[in-house]
Amino acid sequence: IDRQGEVSYKRVPSNALMGAIQLGIANSLGSLANRPHRDILVQDFEVIEEVAFPTEGTQTTPSHKYEDFRFKTYAPIAFRYFRELFNVKPDDFLKSLCATQLKELSNPGASGSIFYVSNDDKFIIKTVQHKEAEFLRKMLPGYYLNLHQNPRTLLPKFFGLFCYQGRGKNIRLLVMNNLLPCSIKMHDKFDLKGSTYKRFASRSERAKNNPTLKDLDFNEEYPNGIILDAPTFDTILDIIHRDCMVLESFKIMDYSLLLGVHNLDIAEAEQAGSGDEDVDSIGGSSQNPSIAATERALARAEAWKAYQLDFNTRAPYDCSEGGVPAKNAKGERLLLFLGIIDILQSYRLFKKLEHTWKSVLHDGDSISVHNPGFYANRFQTYIREKVICRGSAELIHGKQSGK
Ligand code: ATP
Ligand code: CA
Ligand code: CA
């Protein structure tokens, strides 16, 4: 992948790409709005629609300041169905993605993908490789099955797949949910696989403002794991188990659990310590910052309790910002934001890339079993034994009994 700094992707300047993407998506959603609703059929997963966007415009496309390009929408009816299931209204989706500038995120991954996030923080657009996009298209019917059977799945929520074609390049764009809202400060952020091989964040990553840490960093920082109340622990493990079965059935490997940790106690101390600095960046400074801060702290504490009470009854497909309440070993209150990410790598591709798959699977003691089942098991065992632990039935009042 031919990427230079953050200004271009495949030699297409990032700003032009962003602008063209927004035109393409707006056009695609607009034309979809006129089409009647109906049940999805299996052919819907295979459809590709393509629209030309010459600079001077056409009857159905606006004139624009970028070079001529074409824009493809994959499986429009199927993704419309997914968006409805996830409770994303067409107007809101359009507004979030197209009405304001997208923000570019720095990507700690090695793949060279670019990530954009919508201004309101709800959606992430990731550039994916040709083989990843093709793989996703093939897996859509299975993804559909999983959504129906496991409505609280932690797999990524896919809202759309598009392709920009211009300057002789194809750039595929996958729209997903943003797991980590920028409006809530993440005191820790981990990308966890259950492997120990090269699973320390690099020095350059650690030097960042908000680094993404890895398994070995997690083990150092949370040697006793993170405590969940018993019902939440059970629910989350069950969801992950079911998700892993789906991933295994598609021979997918190298996915991660993305885990953001918001520490309410630290957040409160931070606010109290710096009256004028608004750590939650909720914006708008009040005349009396300390009162506002206290109110926010109270609101958060209330929310933390409420989350605990309703996690197990939370609406399926809920895309809201609700974190999962938890505690660390010190008893500090946490909100966890978590999901499984990067699920478009299949075992078959790994076999071709010997050095890559060695790094994924090499695990000293268990090198003999190189397959997606092994990956899924190791992933779940790590989460169950090291990442989260089972507290008492009620975290707020009950004594912690995490092992
Ligand atoms: P590689 O293949 O090298 O691991 P990648 O380019 O495929 O990298 P991902 O693994 O998908 O990228 O994601 C890289 C990082 O981007 C994650 O560790 C996380 O910090 C962030 N990220 C990815 N997906 C999301 C998401 N849905 N919400 C919030 N952050 C995300
Ligand atoms: Ca990854
Ligand atoms: Ca990847």
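Here, each number is a calculation from the coordinates, and none is a lab measurement. All values reported here derive from a predicted model rather than from experimental measurement. Positions of Cβ are backbone-derived with ideal geometry, glycine not excepted, and every protein chain shown enters the neighbour counts.
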Integer Hz, Karplus 6.51/-1.76/1.60 couplings in order for region 141-158, x for Gly and Pro
x, x, 5, 4, 4, 4, 4, 6, 8, 10, x, 9, 3, 9, 5, x, 8, 8
How large is ³J(HN,Hα), in whole Hz, for each residue of region 33-48 in order, when computed from phi with the Karplus curve 6.51 cos²θ - 1.76 cosθ + 1.60 and θ = phi - 60°, using x for Gly and Pro?
4, 7, 8, x, 7, 7, 5, 7, 10, 5, 5, 4, 5, 9, 5, 10
Cα gyration tensor of region 165-270, axes a ≥ b ≥ c as square roots of the eigenvalues: rounded (a/c below 1.5), prolate (a/b > b/c) or oblate?
oblate
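Quick one: which of 78-86, 97-105 comes out on top by average Cβ neighbours within 10 Å, and what's the full order, highest first? Kindly include the intermediate steps, with their values, before the conclusion.
Working: 78-86: 19.6, 97-105: 16.6.
Peptide ranking by packing, descending: 78-86, 97-105.
Quick one: which of 41-52, 255-266 comes out on top by average Cβ neighbours within 10 Å, and what's the full order, highest first? Don't skip to the end; give the middle numbers.
Working: 41-52: 13.4, 255-266: 21.2.
Ranked by mean Cβ neighbours within 10 Å, highest first: 255-266, 41-52.
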Residue-span extension gain [Phe200 to Arg11] - 0.36 nm each, minus C-alpha spacing
64.9 nm
For peptides 200-206, 129-135, sequence by mean Cβ density within 10 Å, most packed first:
129-135, 200-206
Can you tell me the mean projection area, over all orientations, of the convex hull of region 1-92's alpha carbons? Units nm², please.
7.5
